[in-house]
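The values are calculated or read from the model by the stated rules, or taken from the named source; none is laboratory data. Remember, it's a predicted structure, so these values are computed and weren't measured experimentally. Cβ atoms come from the backbone with ideal geometry, glycine included; neighbour counts cover every protein chain shown. Surface accessibility is based on the protein's heavy atoms, side chains included, excluding ligands, DNA and RNA. Shrake-Rupley method; radii C 1.70, N 1.55, O 1.52, S 1.80 Å.
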Amino acid sequence: MNKKRVAILISGRGSNMMALIEAARARDYPAAIVLVVSNRPEAVGLGRARQAGIATAVVDHAPFGDNREAFERALDRVLQQHRVDLVCLAGFMRLLTPWFVARWSGRMLNIHPALLPQFKGLHTHRRALEAGVKRHGATVHFVVSEMDAGPIVEQASIAVSEGDTEETLAKRVLEVEHRIYPRALRAVAEGRAKLPPSNSKAASY
Ligand code: GRF
């Protein structure tokens, strides 16, 4: 099988990264995780990736200051060196410029801890509780220039109950994340889910 070569971009603990690494161990999985890149040298996920036998790289954004594109060019060089086909953002806490997004258009996924288009941005669990929603969840989507707005590839939800707190919600939503990200990557790697050419909101299957 000609497996797609995948890089995972992280900034932190990397639990979604681990879910993807574990899924990709299956022989029939259509993608291989060939690289984990962090923009933060201290990211806990880097050690976890190394332990799992995955190549890691750090492209620290700090020395680039405000020059986002220069940071992204450095990042892109590392991705090219590893002949990466697809990029998965997994808790990668940098906004990407239109240049980078266009370069990886249709080949870059992100996971967001809410049922998009609800609760884009940060503090999704707190905002879900404040809004009183009865269901909450997670979404994997193609990355487009507008933050958390790309066509949806996978989404799953959980019920919100009376006693839920930000922490209990975060925990249950994280379990959902770990389930749907490997599914979404499989669909994209197999060419079943594609970024539609128009501005349609649904990824075509
Ligand atoms: C996840 O909740 C993800 O949805 C969000 O950032 C968090 C990253 O967690 N984008 P982890 O590093 O994968 O454990």
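Would you kindly derive the ³J(HN,Hα) couplings of the stretch 148-165 from the backbone phi angles with the Karplus curve 6.51 cos²θ - 1.76 cosθ + 1.60 (θ = phi - 60°), listing them in order in whole Hz, with x for Gly and Pro? Here the 3J(HN,Hα) series is 6, 10, x, x, 7, 9, 9, 8, 8, 10, 10, 7, 8, 10, 2, x, 5, 10 Hz. Shown here: the stretch 10-123, whose C-alpha atoms stretch 41, 35, 27 Å along the first, second and third principal axes, sorted largest to smallest. Size descriptor for the stretch 4-199, Kirkwood hydrodynamic radius: 17.0 Å (Cα pairs only, one decimal). Okay, which of the stretch 97-114 sit inside 14 Å, backbone N to the point 7 Å along the Cα-Cβ direction of Ser145? Inside the label zone: 97-105.
Rounded to the nearest 20 debye, the dipole size of the chain about its Cα centre is 640 debye, using +1 on the Cβ of Lys and Arg and -1 on the Cβ of Asp and Glu. Largest accessible area first, the residues Leu129, Leu169, Leu95 order themselves as Leu95, Leu129, Leu169 under a 1.4 Å probe with ligands, DNA and RNA left out. For the chain, the antiparallel share of DSSP beta bridges with both residues in that region comes to about 40%. Here Phe100 sits with roughly 0 square angstrom of accessible surface, probe radius 1.4 Å. With contacts taken as Cα pairs under 8 Å and at least 6 residues apart, the chain reaches a relative contact order of 19 percent.
In the chain, the longest principal axis of the Cα atoms and the axis of helix 166-189 are about 50 degrees apart. A straight Cα-to-Cα reach below 12 Å connects Lys134 with the aspartates and glutamates Glu162, Asp164, residues fewer than 8 places away in its own chain not being considered. Quick one: with all protein chains in place, what share of the accessible area of the chain is carbon or sulfur, to the nearest percent (1.4 Å probe)? Whole-percent figure for carbon plus sulfur exposure: 51.
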